[in-house]
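Report on one structure; see the data block that follows.
The values are calculated or read from the model by the stated rules, or taken from the named source; none is laboratory data. The shown structure was predicted, so the numbers you read here are calculated from the model rather than taken from an experiment. As a convention, Cβ positions derive from the backbone with ideal geometry for all residues, glycine included, and neighbour counts pool all protein chains shown. Surface accessibility is based on the protein's heavy atoms, side chains included, excluding ligands, DNA and RNA. Shrake-Rupley method; radii C 1.70, N 1.55, O 1.52, S 1.80 Å.
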Amino acid sequence: MKKLKINACLEPIDEWTYETYVSDYVFENVSIEESLDNITIDGCKFSKCQFKDCSFSFIECMDIVFDHCEFENVHFNQCSLSRVHFISCRISGVEISQSLNQDVLIQLCKGHYCDFGGSTFKDCLFDTNDFTGSGFIQCDFKQSSFCKCVLNLTEWFNTELKKLDFSSCEIENIAVSSDKLTGVVVNSSQALEFVKLLGIVVKD
């Protein structure tokens with residue numbers, strides 16, 4: 001995963017104003033409640049901000065930090081996220097669909113029922129998050145990893161699980177495509193869960 005490229009001195013701003021190119025700002029305690037299309041956000045930090053009822057389409061985000069932010073009814077559709085960090089955010093119900101995500105870090109976030117459908121993740125890290133009930137349907141993972149995440153009740157239909165390591169995660173009652181399991185990494189206790197997914201009955 002590549003490092004963020006954010007200037008040491010960012011201009012503080014306490015109100016969101018529409019611009020097609022937003023760069024080198026730090027937003028703190030700002031509330032954003034509007035839909036944005038076809039803009040670029042570069043080298044910015046959002047701290048303790050609230051995003052509500054927002055739809056972002058064809059947005060390009062580069063070198064962005066979302067720190068302790070709250071997202072409510074927020075949709076990222078066909079966006080490009082590069083070197084974007086979500087740290088200790090509430091992202092439950094967020095949609096990041098049909099999007100390209102590269103060098104993205106999602107860490108210490110609560111993300112129940114997120115929708116990542118149809119997205120590509122390259123060199124991304126999901127670290128210590130709760131994704132209970134989320135959907136990773138028809139996703140493409142390349143050199144990406146999950147560490148200590150809660151993945152209970154998640155759906156992975158038509159998603160290749162090859163080389164994904166779930167050994168440190170909780171994976172109870174996940175739903176997958178049986179023909180996409182080859183190469184997934186699990187621990188010994190999780191192996192039984194995957195045996196059940198294949199319809200195999202194990203007797204003691």
Item to check | Residue list for region 32-50, restricted to those being in a strand (DSSP E or B) and either open to solvent by 40 Å² or more (accessible area, probe 1.4 Å) or not polar (S, T, N, Q) (or both) | outcome: ILE32, LEU36, ASP37, ILE41, ASP42, GLY43, CYS44, LYS45, PHE46, GLN50
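Just to check your reading of the model, which residue among ASN129, ASN101 is closer than 22 Å to TRP156 by Cβ, out of contact with any Ser or Thr (no Cβ under 8 Å at 6 or more places or on another chain) and surrounded by 17 or more Cβ atoms within 10 Å (Cβ to Cβ)? Break it down stepwise before answering.
Working: ASN101 fails: out of contact with any Ser or Thr (no Cβ under 8 Å at 6 or more places or on another chain).
Matching residue, one of ASN129, ASN101: ASN129.
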Item to check | Cross-chain or 6+ apart pairs with Cβ under 7 Å, region 18-45 first and on the phi > 0 side of the Ramachandran plot, then of a type in the set (Gly, Ala, Ser) and open to solvent by 10 Å² or more (accessible area, probe 1.4 Å) | outcome: GLY43/SER23
Checklist outcome for this item: Within region 134-146, the count of residues that are crowded, with 18+ Cβ neighbours inside 10 Å and not aliphatic (A, V, I, L, M) comes to 8
Checklist entry - Within region 157-173, is there a residue that is farther than 27 Å from GLN78 by Cα, of a type in the set (Ser, Thr, Tyr) and open to solvent by less than 50 Å² (accessible area, probe 1.4 Å)? => result yes
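Would region 84-92 turn up any residue that is open to solvent by 40 Å² or more (accessible area, probe 1.4 Å) and either part of a strand (DSSP E or B) or in contact with a helix residue (DSSP H, G or I) (Cβ under 7 Å, 6 or more places away or on another chain) (or both)?
yes
Does region 51-77 hold any residues that are open to solvent by 50 Å² or more (accessible area, probe 1.4 Å), closer than 22 Å to GLY133 by Cα and assigned to a loop (DSSP other than H, G, I, E, B), and which are they?
HIS68
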